[in-house]
1. Computing the accessible area with a 1.4 Å probe over protein heavy atoms, can you report the carbon and sulfur percentage for the chain?
2. Report the trypsin sites (Lys or Arg not before Pro) located in region 102-186 that are in a DSSP loop and have at most 15 other Cβ atoms inside 10 Å of their Cβ, or state none.
3. Taking the Cα atoms of the chain alone, what are Rg (to one decimal) and Dmax (as a whole number) in Å?
4. Of 133, 96, 28, which has the largest mean-square fluctuation in a 10 Å C-alpha GNM of the chain?
5. Per residue, how much accessible area does the chain have with a 1.4 Å probe, in Å²?
6. Toward the positive end of the charge dipole of the chain, about the Cα centre and with charges on Cβ (Lys, Arg +1; Asp, Glu -1), which of 20, 182, 52 goes farthest?
Amino acid sequence: MNQRLPLRRSGDDPRLVELYSKGLTGPSGDPLNIFGVLGNHPDMLKRWLVFATHVLSKNSLSPRDRELLILRTGWNCRSVYEWGQHVVIARQCGISDTEIEAVKSGADAPGWSAHDRLLMTAADELHLHQSLSDHTWSELTDVYETEQILDLIATVGNYHLVAMFLNSTGVPLDAGVPDEPALRRD
């Protein structure tokens, strides 16, 4: 898909100066492309960042669990940008390339622990049914506190929204982010 909206920079709108100063930039100092596109609506970006910041950095899940959920959601939503950005983050969280490859197959991939298989199942159920089954809910309550289950749901839900933004607007990959041709819709 072609890029449908321009990448907005700090100089394009005074509201973006403050937003981009909060760590939304890449190594070049320019905003990451997702934020450059969402900068087309600075007021929405500002409000969404409150929730997105919770999900990405104040979440009660471990970084590994969070990233496995995000990767599976990116794969399920066929979001090239989401997948690529979170492959980079997943590696920083200690997730191996073998595990990243297994995310593509979901819960049925060989080698998952019971815990990781549960995460894949939860992400798939939320994607397909917008709900967790009674069985999955019960299994999650055996390993997580209530806040963690709510964060799990919020993580998958937020990254569905992110995938909708990315896929609909055609946000291009940032420099250095791996491409995944299998996800391309063109």
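The values are calculated or read from the model by the stated rules, or taken from the named source; none is laboratory data. This structure is a prediction, so every number in the text was calculated from the model and none was measured. Quick reminder, even Gly has a Cβ in these numbers, built from the backbone with ideal geometry, and neighbours come from all protein chains shown. Side chains included, ligands, DNA and RNA excluded: accessible areas come from the protein's heavy atoms. Shrake-Rupley method; radii C 1.70, N 1.55, O 1.52, S 1.80 Å.
1. C and S fraction of accessible area: 54 percent.
2. 104, 184, 185
3. Rg then Dmax for the chain, in Å: 16.6, 51.
4. Comparing 133, 96, 28 in a Gaussian network model of the chain, the most mobile one is 28.
5. On the way: 9420 Å² over 186 residues.
That works out to 51 Å² for each residue.
6. Of the options given, the answer is 20.
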